[in-house]
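As C-alpha cells, the structure follows; a few thoughts come after it.
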Amino acid sequence: MRRRALLAAIAASWLAACASTPPQASRQGKFSAADVFAVEPAVLRAAVLTDPRVLIQTVVIELRVPAQDEHFVIRLQQPATPDPRLPPAPAGRAWQAFALSPDGVTTLVTVRRLLASRDVEPGGVAVAVVAQPALVPADLLAALPLRIEMLVDNRDGWFTQADGTLDLRR
C-alpha cells in the first residue's frame, strides 16, 4: 500500500503546477526562466506547506525548451530551516524548506551556461515547479493540501508558486 501511495504521489506531484492559484505574496508572477538565469544559488529556496505527516522528498524545477526539444531538472532537496518571513503555518500544517545541494548548484550553473551558449531566451523556456512527496498517509490520498513558496531574491521575499489540493488517487 505504501509503495502504491508513493508511486501515486510521485506521479501526481507533477500535476501540482497545474493546481495553482494566483500569487499572494509581494512578488508577482511565477518562478520563470528569467529567475533561473538571475537567481543566486545560495538564495534559492522552496518551502512546502502541507500536513506534517507528509514527507516531502524534494522540490523540482523543470525546464522545457520546446524549440530544441530539451528538458532539464533542477532539484532542491537539501533540507533548510523555514524562513521566518514565511506566513505562520495554520493548525494542522507545517512548513518544509529546501535549498540546493552542492550537486543542485552545479546543475543550476551548468543548465544556465548551456542555455546561454545556445542563445536560448528566457521567454523560450517553460518552467514548472512541483513538490515530490515521499510518504503520504492513506487518509490524505484523496485530498493532499499543498502550497509551494519560492524565494529567488531576498529583497522581494517569498511568493506563492502553487496552492491547492491534490487527489493522488488518479
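Below, the figures for the structure above:
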item	result
Test for Gly104: is it part of a helix (DSSP H, G or I), modelled with pLDDT of 95 or more and not aliphatic (A, V, I, L, M)	yes
Residue in the range 135-143 that is in contact (Cβ under 8 Å) with a residue 24 or more places away in the chain, surrounded by fewer than 20 Cβ atoms within 10 Å (Cβ to Cβ), in a strand (DSSP E or B) and among the hydrophobic types (A, V, I, L, M, F, W, C) present	yes
Those residues of the range 144-161 which are out of contact with any Asp or Glu (no Cβ under 9 Å at 6 or more places or on another chain) and touching a residue at least 12 places away in the same chain (Cβ under 8 Å), in sequence order	Asp156
The range 110-134: number of residues that are surrounded by 12 or more Cβ atoms within 10 Å (Cβ to Cβ), in a helix (DSSP H, G or I) and of a type outside the set (Gly, Ala, Ser)	6
The range 50-85, residues that are touching a residue at least 60 places away in the same chain (Cβ under 8 Å) and either of a type outside the set (A, V, I, L, M) or loosely packed, with under 15 Cβ neighbours inside 10 Å (or both)	Thr50, Asp51, Arg53, Leu55, Gln57, Thr58, Glu62, Arg64, Pro66, Asp83, Arg85
Residue in the range 91-110 that is farthest from the chain's Cα centre (by Cα), counting only those that are over 15 Å from Leu44 (Cα atoms) and touching a residue at least 40 places away in the same chain (Cβ under 8 Å)	Gly92
Odd one out for Arg170 among (1) assigned to a loop (DSSP other than H, G, I, E, B); (2) under 21 Å from Phe37 (Cβ atoms); (3) not acidic (Asp, Glu)	(2)
Residue, nearest to the chain's Cα centre (by Cα), within the range 40-49, restricted to residues that are of a type in the set (A, V, I, L, M) and surrounded by fewer than 19 Cβ atoms within 10 Å (Cβ to Cβ)	Val43
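The values are calculated or read from the model by the stated rules, or taken from the named source; none is laboratory data. The structure displayed is predicted, hence computed values, not measured ones. Don't worry about glycine lacking a Cβ; one is built from the backbone with ideal geometry, like all the others, and counts go over all protein chains shown.
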